[in-house]
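A short worksheet on the structure shown next.
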Amino acid sequence: MIVVHLTASTFLGGPERQMLGLARHLDAGIRSAFLSFAEGGRCAGFLQAARIQGHPARMLAHDTPRLLGAAREITAELTRLRAGVLCCHGYKADLVGRIAARRAGIPAVAVSRGWTAENLKVRLYEWLDRVNLRWMDRVVCVSQGQAAKVCRAVSPERVEVIRNAIDTKRFADIDRRCRQRLQSFFAGPRRRIIGSAGRLSPEKGFGIFLQAARRLAARDPSLGFVHFGDGPLRKALEHEAEAAGLEGVFVFAGLRPDLDRFLPFLDLMVLPSFTEGLPNIVLEAFAAAVPVVATAVGGTPEVVEDGVNGRLVPAANAEAVADAVLDVLFCEERRRAMGDRGRKRVRDEFSFVTQARAYERLFAALVPQRTEVPVQREVA
């Protein structure tokens, strides 16, 4: 069987890593191929990573606003590849992919990772996505929290929960020089370094983390804060950090392909989101044995256990974030134990092997194997 993944990739991020990880772990009888809308050429990094892994990968010639042309192009690709299933990732892929899959005569699966409501334009697209999901053959949700939202629009019998996964081997080899490199980001040495990572957009709540950092720095000037990622709020947050006197203390490190090398040397990870599906960065932090302070939204409580491998706090509450950070950092032995329990949790429950078996069952239900007609041999 050929499974084709359709997306609108802008860089090699969390969803793209999920697709590639799944492709690596599927049964040998299931092959994967990848199509992406061009997104101004930004999809090239993801498609190159897919090719390096040995999968067919192609940038579509048609993109917004030529979506009907894109549907025809995708239909032709599905036919050429003799695809058995189309997996759609994101609202544009869902809308156009469903049309193309119907024309190609194959089932369409939407993978729902969460809705951000980032701005008016995105809210409109996400509303269209909710309507469109009703006609998909299956909707895979990455968490029970996201499934609860999807089931308001989609019949529950067509909704499956298959969680995001993490390869803990990514953090098996640790280069201890990276702690010194991490220290070099700051104006001076930091006793403890607290990190965050993700797109700097409103729904991620990193302004709350900045407010918490201001409180924490006042209580303990030896702390350092670093954010990995970029986005539309970066300039505003940099100005806010400077105005709060955190220049050289709260560092914006930007998008970095070597984030995995730094994660194990963070003392704590903070995720202050207002909404989430199931956050990859929490899985990555736990795989690196780093405890997490996160808001209790979406699927996050399905990974972070309050007081066990991290702390859960209410959304939009900087004081609660600051108090939880101090609670985790208060005892080094407890902090390390939380990180170890986080690593065990993702190793036991969030592996790509577990994810792949769940997808294999889904594909088997959607595309039952044809019964082979035995060849009649002539009797001599």
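Listed by position, the helices (runs of 4 or more DSSP H) enclosed by the range 1-82 that each have at least 3 residues that are free of Cβ contacts under 8 Å to residues at least 24 places away in the same chain and not charged (D, E, K, R) are 44-52, 67-81. Just to be sure, is SER143 among the small types (Gly, Ala, Ser), modelled with pLDDT of 95 or more and touching a Gly at 6+ places or on another chain (Cβ under 6 Å)? Spelling it out, SER143 is indeed among the small types (Gly, Ala, Ser), modelled with pLDDT of 95 or more and touching a Gly at 6+ places or on another chain (Cβ under 6 Å).
Taking the range 234-246 as the range and being under 12 Å from ALA213 (Cβ atoms) and either basic (Lys, Arg) or assigned to a loop (DSSP other than H, G, I, E, B) (or both) as the test, the residues that pass are ALA244, GLY245, LEU246. Assuming LYS169 fulfils every condition listed in (1) surrounded by 14 or more Cβ atoms within 10 Å (Cβ to Cβ); (2) among the basic types (Lys, Arg); (3) outside any loop (DSSP other than H, G, I, E, B) apart from one, which condition is it? Among (1) surrounded by 14 or more Cβ atoms within 10 Å (Cβ to Cβ); (2) among the basic types (Lys, Arg); (3) outside any loop (DSSP other than H, G, I, E, B), LYS169 violates only (1). Just one of the numbered conditions (1) buried (at least 17 other Cβ atoms within 10 Å of the Cβ); (2) of a type in the set (A, V, I, L, M, F, W, C); (3) touching a Cys at 6+ places or on another chain (Cβ under 9 Å) is not true of PHE11: (1). Condition check for CYS87 on (1) within 20 Å of the chain's Cα centre (by Cα); (2) closer than 30 Å to GLY254 by Cα: one failure, at (2). Exactly one residue out of ILE174, ILE193 is within 30 Å of VAL251 (Cβ to Cβ), crowded, with 16+ Cβ neighbours inside 10 Å and of a type in the set (A, V, I, L, M, F, W, C), and it is ILE193. When ARG179, ARG103 are checked against the criterion of being in a helix (DSSP H, G or I) and in contact with a Ser or Thr (Cβ under 9 Å, 6 or more places away or on another chain), a single residue qualifies: ARG103.
Reported count of residues in the range 276-318, each being of a type in the set (Asp, Glu), touching a helix residue (DSSP H, G or I) at 6+ places or on another chain (Cβ under 7 Å) and either farther than 29 Å from ALA218 by Cβ or not in a loop (DSSP other than H, G, I, E, B) (or both), is 2. Checked against (1) crowded, with 20+ Cβ neighbours inside 10 Å; (2) in a strand (DSSP E or B), ALA253 passes all but a single condition, namely (1).
Check whether at least one residue in the range 27-40 is basic (Lys, Arg), crowded, with 19+ Cβ neighbours inside 10 Å and either in contact with a strand residue (DSSP E or B) (Cβ under 7 Å, 6 or more places away or on another chain) or closer than 30 Å to ARG152 by Cβ (or both), and report yes or no. Within the range 27-40 (the criterion being basic (Lys, Arg), crowded, with 19+ Cβ neighbours inside 10 Å and either in contact with a strand residue (DSSP E or B) (Cβ under 7 Å, 6 or more places away or on another chain) or closer than 30 Å to ARG152 by Cβ (or both)), the answer is no, since none of the residues qualifies. Among the residues of the range 201-219, just one is more than 26 Å from ASP327 (Cα to Cα) and not in a helix (DSSP H, G or I), namely SER201.
When the residues of the range 287-326 are narrowed to those that are surrounded by fewer than 15 Cβ atoms within 10 Å (Cβ to Cβ) and of a type in the set (D, E, K, R), which ends up nearest to VAL140 (Cα to Cα)? Ranking the candidates gives ASP306 first. Note on the range 177-187: among residues that are touching a residue at least 60 places away in the same chain (Cβ under 8 Å) and out of contact with any Gly (no Cβ under 7 Å at 6 or more places or on another chain), the one that is surrounded by the fewest Cβ atoms within 10 Å (Cβ to Cβ) is ARG181. For the range 95-142, which residues satisfy the criterion of being closer than 19 Å to GLU157 by Cβ and exposed (fewer than 15 other Cβ atoms within 10 Å of the Cβ)? Hits for the range 95-142 are VAL131, ARG134, TRP135.
Conditions tested, residue by residue: (1) touching a residue at least 40 places away in the same chain (Cβ under 8 Å); (2) under 28 Å from CYS151 (Cα atoms); (3) among the aromatic types (Phe, Trp, Tyr).
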site: LEU268; (1), (2), (3): yes, no, no
site: PHE274; (1), (2), (3): yes, yes, yes
site: LEU278; (1), (2), (3): yes, yes, no
site: VAL282; (1), (2), (3): no, yes, no
site: PHE286; (1), (2), (3): yes, no, yes
site: ALA289; (1), (2), (3): yes, no, no
site: ALA294; (1), (2), (3): no, yes, no
site: VAL297; (1), (2), (3): yes, yes, no
site: GLU305; (1), (2), (3): yes, yes, no
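The values are calculated or read from the model by the stated rules, or taken from the named source; none is laboratory data. Remember, predicted model here, so these are calculated numbers, not experimental data. For neighbour counting, all protein chains shown are included, and Cβ atoms are generated from backbone atoms with ideal geometry for every residue, glycine included.
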